[in-house]
Structures are given as C-alpha cells and as structure tokens.
1. Which net charge results for the neighbourhood of LEU74, defined as the other residues with beta-carbon distances under 14 angstrom from its beta-carbon, given Lys and Arg at +1 and Asp and Glu at -1?
2. Rounded, prolate or oblate: which fits the range 94-146, taking a ≥ b ≥ c as square roots of the Cα gyration tensor eigenvalues, rounded meaning a/c under 1.5, else prolate when a/b beats b/c?
3. Taking the Cα centre as origin and putting +1 on Lys and Arg beta-carbons and -1 on Asp and Glu beta-carbons, what dipole magnitude results for the range 25-66, to the nearest 20 debye?
Amino acid sequence: MVFFLNFSLFHFREDSSVSEIKRWTLNDFDIGRALGKGKFGHVYLARERKSGFIVALKVLYRAELESANVEKQLRREIEIQSHLRHINILRLYGYFYDEKRVYLILEYAPNGELYKKLRAVTKFTEDVAAQYIQQMAHALLYLHSKHVIHRDIKPENLLLGLRGELKIADFGWSVHAPEARRQTLCGTLDYLPPEMVEGREHGRHVDVW
Ligand code: N15
C-alpha cells in the first residue's frame, strides 16, 4: 500500500515538501515484453525501478496522434480515466512524454484479455458469464455515478486481473454525460445501440445495450 501511494500520487522532494505530481520519465522504468499493439502504439510490460511496481506502459507516437487529429480526444481520455478508482476499471496511474512519444502508465492486468479467454472456451458457463456481468454492472454504476458514459463496451476492451476480476480498459469513446451528443462513427458497429447507430441523442443507457 505504501508502494502504491508512493507510486501513484506522492513524491517526496529534497526539501521534504510533498508534491502531488511525480514527473515520470522513461528512465524510471525497466521495459519488458510487448503486451499488445494498438492503432497508435504499443503496450509493454514495465517495472518502476524504485518500487518494483509492475505496470503496462502504453507508448503513443505524437506524429501519429497529430496526423490523426486525436490529441484532444487523448487529453480527454486521460482526464477522465485518471480520476476513476474502481476495481473493475483499469487504472491510469499517470503519463509523461518526450519529443516523439506520449507514455501512459496503466494498470497491468495479469490475466490478459477476456476476448481471448472467451475464444479459448467458445462460451462461458452461465455461472461465469453471470459473474462477469455482475462486475460489469458494478463498473457501469460507478462510471455513470461519475457522469461518464463509456459508449464502447465490448469483449475486446475488457481485461482480467490476478483473480479474474473484470477490468474495463479502453476509454477511447467515453464522454462526460453533459457533452453526450453524437460523433462521427468509426470502428465496429457490432455492439452499438440503435440510438447511436441512428445518430440520435443518447445517454448512459448505451452502456447497458
Ligand atoms: C488515453 C487513455 C487514458 C486511455 C487509456 N487506456 C488505454 O489506452 C486503453 N489501453 C489499455 N490500451 C492498452 C491497454 C492495455 C492495458 C493493454 C493490455 C494490457 C493492459 N494492462 N495489462 C495488459 C495486459 N496484460 C496481459 C496479460 C497477458 C497477455 C496480454 C496482456 N495485456
């Protein structure tokens, strides 16, 4: 727990004042194996050198973010996700950047992607499915209580913790409820609710569909 606080929030300065924000750099981490690749960069297993704390380090290329014009969206995602604290929502511990890249310090989910697990067994037993759905319901109640709508709930965006806990991992489409209007649709339409497909106004219930 001390490590955890040390790691994510507090940093003791030499003049013994406590600042809330630690400025991270790549030198603070040992980088391990690649965990996956996304549209704008890769995710690596990483270990914070001082504490030994294991994280998933996501590396995004600024040039690609710029040419896709998604910097504003990334800022919004960071702003949203960094304030969320729930067992069933993947933590964003912090971020840093250099000239070429943006780095996101994300929670490491030791049991990987729910999607892969589902493919391996073809279908979950009712009991297992019910447990995932219950955890999803907890996560969504929490998100919606913070006026965050996810808008892209699907198996590909779900990771599993050490004891198989469900972790919602991707906030690429999330919005704070008051701004919830429409946006250009891209990506898979498989899990989109009718009101989003038809471009109508929508609210938190899109996450239940
Ligand atoms: C802009 C921002 C705040 C959004 C932050 N969220 C994301 O970027 C969503 N994201 C999460 N993108 C990548 C990940 C991600 C986090 C991918 C994989 C993992 C992760 N944490 N842990 C993993 C992980 N654990 C694994 C175990 C076995 C095999 C693969 C694994 N991947």
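Read-outs throughout are calculated quantities, based only on the coordinates presented, and are distinct from any laboratory measurement. Just so we're clear, the structure is a prediction, and the values are computed from it rather than from any experiment. Because the Cβ atoms are built from the backbone with ideal geometry, glycine has one as well, and the counts that use them run over all protein chains shown.
1. Details: positive: LYS39, LYS58, ARG62, LYS72, ARG75, ARG76, ARG101; negative: GLU64, GLU66, GLU71, GLU77, GLU79, ASP170.
With Lys, Arg at +1 and Asp, Glu at -1, the net is +1.
2. On the way: a/c = 4.11, a/b = 1.65, b/c = 2.50.
Verdict is oblate for the range 94-146.
3. Details: 8 positive and 5 negative charges, 27 e Å.
In debye, rounded to 20, the range 25-66 gives about 120.
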